[in-house]
4 protein chains.
Amino acid sequence: MARKVGSIGAETADRVRLAALSLFARYGYAAVSMRQIGREIGLQAGAIYNHFPTKQHLLRGLMVEHMERLLTAWEAERDDNLPPREALVAFVRFHIRYHVKCGEEVFISYMELRNLEEQNFVEVEELRRRYEHSLRSILEAGTEARVFTVSDPRVATMAVIAMLTGVTNWYRTDGRLSLDEIEELYVRMISGAVGMKEN
Amino acid sequence: MARKVGSIGAETADRVRLAALSLFARYGYAAVSMRQIGREIGLQAGAIYNHFPTKQHLLRGLMVEHMERLLTAWEAERDDNLPPREALVAFVRFHIRYHVKCGEEVFISYMELRNLEEQNFVEVEELRRRYEHSLRSILEAGTEARVFTVSDPRVATMAVIAMLTGVTNWYRTDGRLSLDEIEELYVRMISGAVGMKEN
Amino acid sequence: MARKVGSIGAETADRVRLAALSLFARYGYAAVSMRQIGREIGLQAGAIYNHFPTKQHLLRGLMVEHMERLLTAWEAERDDNLPPREALVAFVRFHIRYHVKCGEEVFISYMELRNLEEQNFVEVEELRRRYEHSLRSILEAGTEARVFTVSDPRVATMAVIAMLTGVTNWYRTDGRLSLDEIEELYVRMISGAVGMKEN
Amino acid sequence: MARKVGSIGAETADRVRLAALSLFARYGYAAVSMRQIGREIGLQAGAIYNHFPTKQHLLRGLMVEHMERLLTAWEAERDDNLPPREALVAFVRFHIRYHVKCGEEVFISYMELRNLEEQNFVEVEELRRRYEHSLRSILEAGTEARVFTVSDPRVATMAVIAMLTGVTNWYRTDGRLSLDEIEELYVRMISGAVGMKEN
DNA sequence: GATGAATGAGTCTTCATTCAT
DNA sequence: CATGAATGAAGACTCATTCAT
């Protein structure tokens with residue numbers, strides 16, 4: 001049988017993406033089959049290939065698009081004129097706020113790196129590098145301005161990112177703490193971690 | 001752990017474990033086949049079943065044994081009489097030192113949780129909870145004693161663990177920094193993060 | 001066979017036929033997909049079904065039409081009043097000249113017989129039988145007239161056809177020998193094979 | 001379930017080969033599935049891969065081994081001291097006798113050439129070239145010795161081979177003519193085709 | 001008449017697992 | 001305890017074909 005009435009290509013592609021995202025996050029890329037993705041949205045596995053040439057393309061798309069959206073959102077929000085203290089706070093708040101909204105994307109972006117083929121891996125890593133570089137610049141500027149006491153900005157960058165991203169592992173919309181409270185907690189902890197001077 | 005002469009079976013089981021560990025870490029549990037594990041050590045896939053009843057048992061074993069070794073090592077080293085400041089420093093140093101030594105175990109213990117069958121998952125999570133509880137106790141004690149300024153010990157525990165475990169993602173034996181220097185950096189950052197009083 | 005202006009449909013059908021012919025000859029009927037044929041001429045696979053009801057019809061068409069054109073061409077050229085010697089020479093020259101012009105059709109007409117459904121197979125075989133019967137009649141007439149020395153006209157027919165058709169396997173337009181020279185060589189060899197008396 | 005009692009590897013491989021040969025000959029390589037081959041001999045498709053790494057290897061094996069057996073048989077029978085007339089007769093008789101015994105191998109060796117991957121194709125072609133070269137040498141020697149009247153030995157070689165191999169297309173063990181009679185007919189026709197002098 | 005999206009069956013191949021030897 | 005051969009299910013992907021638009 002042919003096309004279901006009213007179904008449009010782009011719409012189906014989006015449903016596939018969504019199903020894949022959710023399944024990859026829950027079971028892992030390698031453990032999820034095209035059949036399973038199709039079943040989730042009432043499609044034969046083969047039909048997915050009308051929208052994505054391979055399973056790998058599907059994964060790459062999810063990761064690259066996530067990273068690009070993240071970068072775009074950060075570019076829109078960052079303010080390079082902010083002094084280091086305020087810049088760090090802005091980054092921390094942005095990172096948490098943005099990441100808890102798309103926990104699944106974040107999760108697979110860390111977990112499925114090894115399932116990316118070389119070329120796609122390089123592409124995603126470059127995007128990540130660009131994002132994390134923002135934080136490093138802030139830490140370096142603050143260190144130079146003697147408002148932070150960071151011995152090794154490279155290590156500090158990774159430490160802060162690790163701490164921040166960890167939030168997505170336990171954050172629940174209906175949890176004990178509001179998003180605002182969580183942001184506040186992390187601003188305090190990270191301020192301390194980088195040895196931020198009180199004023 | 002020297003093997004007695006003739007205990008060739010246990011030796012083979014160990015070779016399987018080692019190969020599986022390395023392959024699971026590199027490619028992921030779901031993406032690694034029993035044939036691949038066998039090939040790595042010159043064995044037919046079928047022979048693995050003389051030592052492990054299923055692939056899932058193999059994974060469970062790696063994860064449970066890792067967590068148990070970790071707990072045992074920590075039990076041996078912890079000193080509950082230490083005041084909070086010193087206890088925290090001891091935990092930080094222990095965690096880093098222990099984890100960088102077994103990056104692969106740590107990696108799969110985080111990555112492959114979702115590939116554990118329910119019962120095994122529960123078991124591993126309980127072990128992890130016990131380990132992380134040590135840190136939480138230290139943070140709570142230090143907060144109560146007003147030597148730390150931690151607003152939310154539960155969140156702080158997860159934040160500190162996330163930051164610390166992140167080290168295994170980039171640590172290289174022959175890297176720029178010695179293990180000692182790295183421990184020092186993290187002691188400083190985490191001391192700051194928990195608002196440790198200077199004295 | 002000029003197409004009337006506007007008869008764009010028939011034109012598309014012809015492009016399909018041409019593409020299918022070429023692809024079937026190169027890769028074999030079973031190994032060529034409707035998508036591949038469509039791609040070759042910038043068409044979606046589905047569009048082919050506006051012109052041919054099934055892939056099998058496409059194959060049948062190519063083979064039947066080839067055989068019919070061959071028969072028609074031979075009917076136009078044959079001269080039943082020719083004496084056996086001249087008739088054989090005429091057949092040899094015609095066969096070679098005609099077959100090297102449509103190597104692909106000849107090729108698939110031999111190679112894809114087994115991919116024809118029963119009914120289509122019978123139809124094509126009947127056409128082939130009719131064509132080859134011309135040669136057999138010539139050989140029988142010549143034998144009766146004692147200008148050929150053929151022990152078994154049935155076997156001789158198949159032997160001559162096999163020898164002649166083999167030309168299409170190696171003939172190249174720009175090869176070492178001209179078509180005329182090739183015809184001459186085969187006339188000599190086949191004359192010998194049928195024991196043609198010198199005069 | 002594991003191995004069926006008594007089945008041995010080499011034996012199964014042979015049964016696979018035989019089934020594949022027969023099916024490839026009847027339906028063509030591309031049209032035959034591994035399932036079909038397995039079904040023919042009561043095996044799951046997957047089990048075939050215990051004996052042949054790919055379907056292509058199976059095909060290559062059938063063709064290469066056929067050509068090698070053919071060459072070996074001819075090497076055992078040829079006698080380079082025979083004068084051209086006798087040598088040609090020997091070749092004709094050998095070719096027919098050998099080829100009618102393995103019609104399926106011969107058939108796929110011609111039909112499935114295009115389904116061989118480049119490297120395998122080259123290998124098979126080289127074997128074929130070596131075999132056909134024997135005939136060409138005979139024709140050239142006979143021409144030089146003026147016992148044959150061949151204008152172009154290269155073309156004559158292909159013509160003779162084509163005529164001879166055609167036999168496999170219609171030969172039936174229980175046919176009208178005995179193998180001996182058929183050999184006799186072809187010796188006469190081919191002697192004529194190469195213009196063999198009567199004595 | 002063409003497209004693009006869909007189906008359902010099929011492709012080759014790999015998988016975890018079993019078991020006679 | 002290991003091998004090698006097997007099973008049956010499943011993997012990603014392609015196929016001929018259909019049909020609403």
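The values are calculated or read from the model by the stated rules, or taken from the named source; none is laboratory data. Computed from a predicted structure; not experimentally measured. Every residue, glycine among them, receives a Cβ derived from its backbone with ideal geometry; neighbour counts consider all protein chains shown. All accessible areas refer to the heavy atoms of the entire protein, side chains included, with ligands and DNA or RNA removed. Shrake-Rupley method; radii C 1.70, N 1.55, O 1.52, S 1.80 Å.
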Across (1) within 20 Å of the chain's Cα centre (by Cα); (2) at pLDDT 95 or above; (3) closer than 24 Å to D:Arg26 by Cβ; (4) away from chain C (no Cβ under 14 Å), D:Leu59 clears everything bar (4)
Exercise. Just wondering, is there one or more residues in segment A:41-52 that are within 14 Å of chain B (Cβ to nearest Cβ), surrounded by 14 or more Cβ atoms within 10 Å (Cβ to Cβ) and within 16 Å of DNA strand E (Cβ to nearest atom)?
Worked result: no
### Test: D:Leu88 is more than 30 Å from D:Tyr29 (Cβ to Cβ) and either among the polar types (S, T, N, Q) or open to solvent by less than 30 Å² (accessible area, probe 1.4 Å) (or both)
yes
Of the candidates B:Ala25, B:Ala47, B:Ala20, the one satisfying the condition of being away from DNA strand F (no atom under 16 Å from the Cβ) and in a helix (DSSP H, G or I) is B:Ala25
From the option list B:Arg146, B:Arg172, single residue qualifying as at positive phi and open to solvent by 50 Å² or more (accessible area, probe 1.4 Å) is B:Arg146
Counting only residues in segment A:10-31 that are away from chain B (no Cβ under 14 Å) and within 24 Å of B:Asn115 (Cα to Cα), the one nearest to DNA strand E (Cβ to nearest atom) is identified as A:Val16
From the option list C:Ala25, C:Ala31, single residue qualifying as outside the structural domain of C:Ile108 (by TED's automatic domain parsing), open to solvent by less than 30 Å² (accessible area, probe 1.4 Å) and over 16 Å from C:Asn120 (Cβ atoms) is C:Ala25
Within segment C:144-158, residues being within 17 Å of C:Glu86 (Cβ to Cβ) and either touching a residue at least 24 places away in the same chain (Cβ under 8 Å) or within 13 Å of another protein chain (Cβ to nearest Cβ) (or both) number 5
Going through segment C:179-195 in order, the residues found to be open to solvent by 40 Å² or more (accessible area, probe 1.4 Å) and over 12 Å from C:Ile96 (Cα atoms) are C:Arg188
| message | Regarding segment A:74-81, can at least one residue be identified that is away from DNA strand F (no atom under 16 Å from the Cβ) and open to solvent by less than 60 Å² (accessible area, probe 1.4 Å)? | response | yes
Screening A:Met34, A:Met67 for residues that are within 15 Å of DNA strand E (Cβ to nearest atom), more than 14 Å from every other protein chain (Cβ to nearest Cβ) and modelled with pLDDT of 95 or more leaves only A:Met34
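Conditions tested, residue by residue: (1) without any contact (Cβ under 8 Å) to a residue 12 or more places away in the chain; (2) charged (D, E, K, R); (3) crowded, with 18+ Cβ neighbours inside 10 Å.
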site: A:Arg97; (1), (2), (3): no, yes, no
site: A:Glu104; (1), (2), (3): no, yes, no
site: A:Glu112; (1), (2), (3): no, yes, yes
site: A:Asn115; (1), (2), (3): no, no, yes
site: A:Glu123; (1), (2), (3): no, yes, no
site: A:Glu126; (1), (2), (3): yes, yes, no
site: A:Arg136; (1), (2), (3): no, yes, no
site: A:Leu139; (1), (2), (3): no, no, yes
Note: among A:Gln36, A:Gln56, just one is over 24 Å from A:Glu118 (Cα atoms), in a helix (DSSP H, G or I) and touching a Leu at 6+ places or on another chain (Cβ under 8 Å), namely A:Gln36
